[in-house]
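Notes follow once the structure below has been shown.
The values are calculated or read from the model by the stated rules, or taken from the named source; none is laboratory data. All of these numbers come straight from a predicted model, not from anything done at the bench. Backbone-built Cβ (ideal geometry, glycine too); neighbour counts: all protein chains shown. When the accessible area is computed, the model is the full protein with side chains, heavy atoms only, and any ligands, DNA or RNA have been set aside. Shrake-Rupley method; radii C 1.70, N 1.55, O 1.52, S 1.80 Å.
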Amino acid sequence: MEFECQQSIEVTKDFTNCVEDTSPVQIDTIHSNPETESINSEPNHCNSCSESECQNLEITKPTLECPLSITDLPPALISTIFNGLDPKELGIVSCVSTTLCSVASEHHVWKQFYCERWGLPIVSTPLGAGFSDEKSWKELFVERDFRSRTFLGRYSIDVLYGHTEAVLTVFILASAKRIFTSGYDSIVRMWDLEEGLLIASSRHLGSTLRAIAADTKLLVAGGTSGFIHCWRATEGLPSLFDLSGSEKENTDFRLWEHEGPITSLVLDLTRIYSGSWDMTVRIWDRTLLKCLKVLRHSDWVYGLAPHDTTVACTSGSDVYVWDTNSGTLLSIIYGAHVGNTFSLARSHAGDFLFTGGEDGAIHMFEIINDCNEVDVVQVATWKAHSGSVNSLAFEFPWLVSASGDGKLALIDVRKLLRTSRSSSGKRVSRVNNVEPPQRMLHGFECNLFSVAIGADRIVCGGEEGVVRIWNFSQALEIEQRARALRGIRLENRLRRRKLQVDMISKSGRANRCLVAAKKIQINGNQSGVWHKKHEMSGELKA
């Protein structure tokens, strides 16, 4: 037999109406409802149900004490939410309130943003050229992102003379402010990045040099002889490396196992990677100076790009991705270009590849790690050159290409590298119609063979036998001054507006009094004129 308590049903209906419309006014009325309070405080019973049944049906006061905004959440939960935002979204959130600004500005994800794009910052350089330890990761990120935009501004060109034949390879060591170049004349030359002066030159190494790489501890160069010429850094020497051999300490040595010309060299903290026309990529231990792995391909190796435990290589027209620990092949891109794939570059996070080929096209690929499988997906294609793309260099967000048509192309891949920081990893915005190169640099009459980017500069070498430096630091200084002037103008504008508001607020009462007085005077004159006219009309009638 069904039964119901009438009073409880009425309260339940009221509570249902409150939940349907959660406005603050209705919530207050529910809390202050005397009938509800009497039901909660006094055990009122109805005739049609027992005492225990009514107690089970009693409705307590609803406690709607939910957080009104995200700032009411615990800081740990807010930090977890911020992990799913990209830099632009995190910057927008920091403008909402002071609480979110402090949490967003000190969030650890800014360090991850910075390192994914540019690696660890340079701390040994002066403030004007590098960074300071006192800055937060957000400030470092904003400053570096601002510097990256200067490649669309003004520039100056420095030409370095010294090579007697074509320059085939250039390398920028930004941390030491050095440029290393070499080519057909078989000599490695070291230049000052700031002044553009020649610091040192090696002896004649006996063969054409096609590849060069360096860090602050080791310099390597390789060419058609198959040797890898190495120089260890000399402590206390301002130029780092004793190329001429003038010091008593013997710091140079050679590695040899390749059976053909060496076309590419890359260094990391523990290994040396070398690619050759003998169709192999060899991985060397920097401490033991021994070859650890040999990765064999089906055609000449033109370029390689290692990252973590993988290395990407171009062989013929194909692109290979290898596991460096086990030596297993993870993925192959067959026929990446029509003809040979001459150049290869990789993002600092290692998840994007850029290839340039004999057909003059530039392709962008994404490396997707799904469990134990590696899949490579093409993202975008540019047809920026009429000649072969001989060299590529990447520094977020700029991809620079050097071509046989004597031109440099600057491509901003920022929009294509948009990431979604979720547990599933990165996601690329698939764009069908990609933008053309944002800038083309001209002024060369013949082939360009190599290009490098770093320290607000682009360095290239070609068939004419000179090294050109496109210096964009001037654009950085101009942009910094322009931004400072914009800040001063904005501050002055706000100050003038505040003064105007204060003047209006102070003179508002006086203006209202004057207006009221004028109105009273006008009305009084009108009434006086009317009375005079009325008296005159009365006299005429009399």
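At a 1.4 Å probe radius, carbon and sulfur cover how many percent of the accessible area of the range 74-120? Taking all protein chains in place, the range 74-120 shows 65 percent carbon and sulfur surface. Once the Kirkwood radius over Cα pairs is known for the range 74-120, the Stokes-Einstein relation at 37 °C and 0.692 mPa s delivers a diffusion coefficient of 302 µm²/s.
Average accessible surface for the range 176-268: 44 Å² per residue, computed with a 1.4 Å probe over protein heavy atoms with every protein chain in place. Using a cut-off of 23 Å between Cα atoms, the listed pairs Lys138/Lys415; Lys111/Lys415; Lys88/Lys415; Lys88/Lys135; Lys383/Lys407; Lys177/Lys290 include Lys177/Lys290 as exceeding that distance. Measuring r between the beta carbons of Leu197 and Leu73 and using R0 = 56 Å, the FRET efficiency lands at 0.45. Taking amide H positions as modeled 1.01 Å from N, with prolines and chain starts lacking one, the residues under 5 Å from Ser331 and 5 or more places away or on another chain are Val321. Solvent-accessible surface of the range 74-120, taken per residue with a 1.4 Å probe and all protein chains present: 53 Å². Each residue, Ile332 and Cys95, gets one label point 7 Å from its Cα in the Cβ direction; the gap between the two is 5.1 nm. In this view, the solvent-accessible surface of Asp375, computed with a 1.4 Å probe and all protein chains in place, comes to about 80 Å². Solvent-accessible area of the range 199-312 (1.4 angstrom probe, protein heavy atoms only): carbon and sulfur portion equals 49 percent. For Asn83 and Ile478, the FRET efficiency from 1/(1 + (r/R0)^6), where r spans their Cβ atoms and R0 equals 30 Å, is about 0.25.
Relative protection proxy for 386-395, 108-117, from highest mean packing down: 386-395, 108-117 (other beta-carbon atoms within 10 angstrom). Amide hydrogen proximity for Gly316: with H placed 1.01 Å from N in the peptide plane, the residues at 5 or more positions away or on another chain lying under 5 Å are Trp300, Tyr302, Thr341.
With K and R counted +1 and D and E -1, the other residues having a Cβ less than 10 Å from that of Gln474 yield a net charge of -2. Summing charges over all other residues whose Cβ lies under 12 Å from the Cβ of Arg489, with Lys and Arg as +1 and Asp and Glu as -1, gives +4. FRET efficiency for the pair Leu490 and Val142, taken as 1/(1 + (r/R0)^6) with r the Cβ-Cβ distance and R0 = 22 Å, rounds to 0.80. Each peptide in 216-224, 232-240 gets a packing score, the mean of other Cβ atoms within 10 Å over its residues, and the list from highest to lowest is 216-224, 232-240.
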